[in-house]
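Following: one structure in structure tokens, then a few remarks.
Bear in mind that the values in this text are calculations on the coordinates, not laboratory data. Quick caveat: nothing in here was measured; it's all calculated off a predicted structure. In this analysis, Cβ positions are derived from the backbone assuming ideal geometry, glycine residues included, and neighbour counts consider all displayed protein chains.
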Amino acid sequence: MGKVYIVGAGPGDEELITLKGVRAIKEADVILYDRLVNKTILEHAREDAVRIFCGKEPNKHGVIQERINEQLIYYAQKGKVVTRLKGGDPFIFGRGGEEALYLEERKVGYEVVPGITSGISAAAYAGIPLTHRHISGSVSFINGANPQAKTIDEWRHIAHGTETLCFYMGIKNFPIICEKLKEAGLSGTTPVAIIHWGTLSHQKTIVADLQTIVERLDEVSNPSMIVIGEVVKLHDKIKWFKEQCETISL
């Protein structure tokens, strides 16, 4: 029986993968990698390693995920070292937990290698600290893919439970998210940042407030991280990463 590594490849910048993640790639006989994994990272693999592109895109996860699970088992049972390479962190909206349970139930050995999730890294590259001693002492990571499924009470909890909100997979439904947050009592003047292709040279950040941000959505697309809260105001003050495209602010 082989072994499976469930590895977080980080947010895009190829240098943000961990040393342990690189080791798992170097050891792999088979690598299954997702769409948002920086292909440069695959240069760490052996020449004879089998590379399988999993091609996961928005709204196309179900059948593909089943196939991935089956491939993990198939190659591990053939005695192979399998590295499942996932963007960001495998346990933050990455279905890594589902894959780990699938392997656990079938008694296949595995190891989880955490990665830097895009909520943390994209915000950092945009000069937005998610927490700050004088501004924000708490942060939430939220799946924005299906905002209609949440009740108004759930939205009130999201809006007021922490000082900083990070929405993953929320661009398509962001007008609905904005309306739900305002209905839940979040002020329309609350600062919002959308960071497109975070940590890469073509990163683009737009900043507005909750009331007006939807007017700017045509300037970005997936993949994008959404950060909401007073810490967004630090974007114009912490400019350590020079974005290739013009950064757009209020």
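What is the distance in Å between the Cα centres of the range 86-160 and the range 1-54?
21 Å
Let me have the 222 nm mean residue ellipticity of the chain computed from DSSP H runs of 4+ only, each contributing -39500 (n - 2.57), with the sum over all residues rounded to the nearest 500. Working shown, then result.
On the way: 6 runs with 63 residues, N = 250.
About -7500 deg cm²/dmol.
Could you work out how far apart the two model spin labels at E104 and S187 are, taking each label as a point 7 Å from the Cα in the direction of the beta carbon, and quote it in nm?
Those two pseudo-labels are separated by 4.3 nm.
Can you flag which of K182/K233; K26/K78; K182/K239; K80/K107 are past 23 Å Cα-Cα? Could the numbers behind the result be given before it?
Details: K182/K233 19 Å; K26/K78 19 Å; K182/K239 30 Å; K80/K107 15 Å.
Those over the limit are K182/K239.
Sorted by average packing, counted as other Cβ atoms within 10 angstrom per residue and highest first, what order do 233-241, 19-27 take?
Result, highest mean Cβ count within 10 Å first: 19-27, 233-241.
Sorting check: for 166-176, 209-219, which peptide has the highest mean count of neighbouring beta carbons within 10 Å, and how do the rest follow?
166-176, 209-219
Once you sort the root eigenvalues of the Cα gyration tensor of the range 118-236 as a ≥ b ≥ c, which label holds: rounded (a/c under 1.5), prolate (a/b larger than b/c) or oblate (the other case)?
It comes out oblate by the Cα gyration axes.
Any idea how far apart T212 and H157 come out in nm if each label point goes 7 Å out from Cα toward Cβ?
3.4 nm
Please list, in order along the range 13-21, the HN-Hα scalar couplings obtained from phi with the Karplus expression 6.51 cos²θ - 1.76 cosθ + 1.60 (θ = phi - 60°), rounded to whole Hz, x for Gly and Pro.
For the range 13-21, the Karplus-derived couplings read 4, 5, 7, 8, 6, 6, 4, 5, x Hz, x marking Gly and Pro.
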